[in-house]
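Input: one structure, supplied below.
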Amino acid sequence: LFAYLGACYLRLNKPEQAETTFNTGLSLNVPHVDLFIEAGRFYEQNNKLLQAEALYSKAIALDAEPDKAWSAYAACLLRSRNYQKAIPALKKVIDLGADTDGFAHANIGYCYQQLENLEDAEVWYKKALEEFPECPIAYAHYGTYQAVHGNMDEAKKLTEKATELSPNDSVAFYTYSSVHKFTEPHTNTAHYEALAWSPRTMIDDTIRLSFALSKMYWDLKEDEKSFVHLARGLSL
């Protein structure tokens, strides 16, 4: 009950009521997978990643719904940039058969790339695109990989595909903006603006969107808008 009530408050943008509800549920010391996961998501949204990670670990320890618990835990490790721990967690998600959209495959590649293991990164990107040809995050991350190697035409093509597949994805737009020279606003600019300013958007997503919009407006010589987004991204 506390898990679902707290989640409802969170979706209604009532963070104080959500926090009170989650804390009340947790204080009862009654183990429940959904309570740990939903409370973890609340802490993630408020950039309290260590608290979120601890709650996801408790969900995993229950071993009641391991696919759900490991998926949430792995995603949290990615957001906290703990790439060494994220790789085995993401592989566990795959072993459980819980990677239904390629998220785990693509992000294993991303983790290896961040750890400068480019050979394994490419292996996992290719595996992700082979098994999940509609996975936007795979196109986005593989696009940045190609940019690192100076293959800018390929990088632009891959990141553009990512934005087409998932217009809501901050990673897709961020990677696209980083390799693309804007001569006109992106067709989804209004949508990205709304996401960037929404209190329901995760902080790391808000940061990526802010920097991406800043880059776009800078290319378009709309300096004031560019600085607003840049300042916001740096302040979070």
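Tally up the residues in the stretch 104-132 that are closer than 18 Å to Ala162 by Cα, out of contact with any Phe, Trp or Tyr (no Cβ under 7 Å at 6 or more places or on another chain) and of a type outside the set (A, V, I, L, M, F, W, C), please.
Residues in the stretch 104-132 being closer than 18 Å to Ala162 by Cα, out of contact with any Phe, Trp or Tyr (no Cβ under 7 Å at 6 or more places or on another chain) and of a type outside the set (A, V, I, L, M, F, W, C): 6 in total.
With surrounded by fewer than 20 Cβ atoms within 10 Å (Cβ to Cβ), under 28 Å from Phe132 (Cα atoms) and of a type in the set (Lys, Arg) as the only criterion, which of Lys48, Lys68, Lys14 stands out?
Lys68
Listed here are the residues, each with its yes/no results for (1) over 13 Å from the mean Cα position of the chain (by Cα); (2) surrounded by 16 or more Cβ atoms within 10 Å (Cβ to Cβ); (3) in contact (Cβ under 8 Å) with a residue 60 or more places away in the chain.
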{"position": "Ser57", "(1), (2), (3)": "yes, no, no"}
{"position": "Asn82", "(1), (2), (3)": "yes, no, no"}
{"position": "Ile87", "(1), (2), (3)": "yes, yes, no"}
{"position": "Lys92", "(1), (2), (3)": "yes, yes, no"}
{"position": "Glu131", "(1), (2), (3)": "yes, no, no"}
{"position": "Pro136", "(1), (2), (3)": "no, yes, no"}
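A further question follows. Which one of Gly143, Gly150, Gly233 is of a type in the set (Gly, Ala, Ser) and surrounded by fewer than 18 Cβ atoms within 10 Å (Cβ to Cβ)?
On the way: Gly143 fails: surrounded by fewer than 18 Cβ atoms within 10 Å (Cβ to Cβ); Gly233 fails: surrounded by fewer than 18 Cβ atoms within 10 Å (Cβ to Cβ).
Of the residues listed, the single one that is of a type in the set (Gly, Ala, Ser) and surrounded by fewer than 18 Cβ atoms within 10 Å (Cβ to Cβ) is Gly150.
Quickly run through the stretch 165-176 and pick out the residues that are farther than 18 Å from Tyr125 by Cβ and either surrounded by fewer than 20 Cβ atoms within 10 Å (Cβ to Cβ) or at pLDDT 95 or above (or both).
Initial filter on the stretch 165-176 (farther than 18 Å from Tyr125 by Cβ): 167-168, 170, 173.
Those that are farther than 18 Å from Tyr125 by Cβ and either surrounded by fewer than 20 Cβ atoms within 10 Å (Cβ to Cβ) or at pLDDT 95 or above (or both): Pro167, Asn168.
Please work out which residue is surrounded by the fewest Cβ atoms within 10 Å (Cβ to Cβ), limiting yourself to the stretch 204-230 and to residues that are of a type in the set (Lys, Arg) and at pLDDT 95 or above.
Looking at the filtered set, the residue picked out is Lys221.
Quick check: anything in the stretch 105-116 aliphatic (A, V, I, L, M), crowded, with 18+ Cβ neighbours inside 10 Å and over 22 Å from Pro133 (Cβ atoms)? Walk me through it before giving the result.
To start, the set of residues in the stretch 105-116 that are aliphatic (A, V, I, L, M) comprises 106, 108, 115.
Next, only the ones that are crowded, with 18+ Cβ neighbours inside 10 Å stay: 106, 108.
If we keep only those that are over 22 Å from Pro133 (Cβ atoms) too, we end up with none.
No; the residues of the stretch 105-116 include none that is aliphatic (A, V, I, L, M), crowded, with 18+ Cβ neighbours inside 10 Å and over 22 Å from Pro133 (Cβ atoms).
For the stretch 17-40: of the residues being exposed (fewer than 15 other Cβ atoms within 10 Å of the Cβ) and hydrophobic (A, V, I, L, M, F, W, C), which is modelled with the highest pLDDT?
So, considering only residues that are exposed (fewer than 15 other Cβ atoms within 10 Å of the Cβ) and hydrophobic (A, V, I, L, M, F, W, C), the one modelled with the highest pLDDT is Leu28.
Tell me, please, whether a residue that is basic (Lys, Arg) and more than 21 Å from Leu96 (Cα to Cα) can be found in the stretch 43-53.
In the first step, residues of the stretch 43-53 are kept if they are basic (Lys, Arg); the result is 48.
With the extra rule that they be more than 21 Å from Leu96 (Cα to Cα), the set shrinks to 48.
Checking the stretch 43-53: at least one residue is basic (Lys, Arg) and more than 21 Å from Leu96 (Cα to Cα).
The values are calculated or read from the model by the stated rules, or taken from the named source; none is laboratory data. Computed from a prediction, not measured in an experiment: that's the story for all the values here. Positions of Cβ are generated from backbone atoms using ideal geometry, with glycine treated the same way; all protein chains shown enter the neighbour counts.
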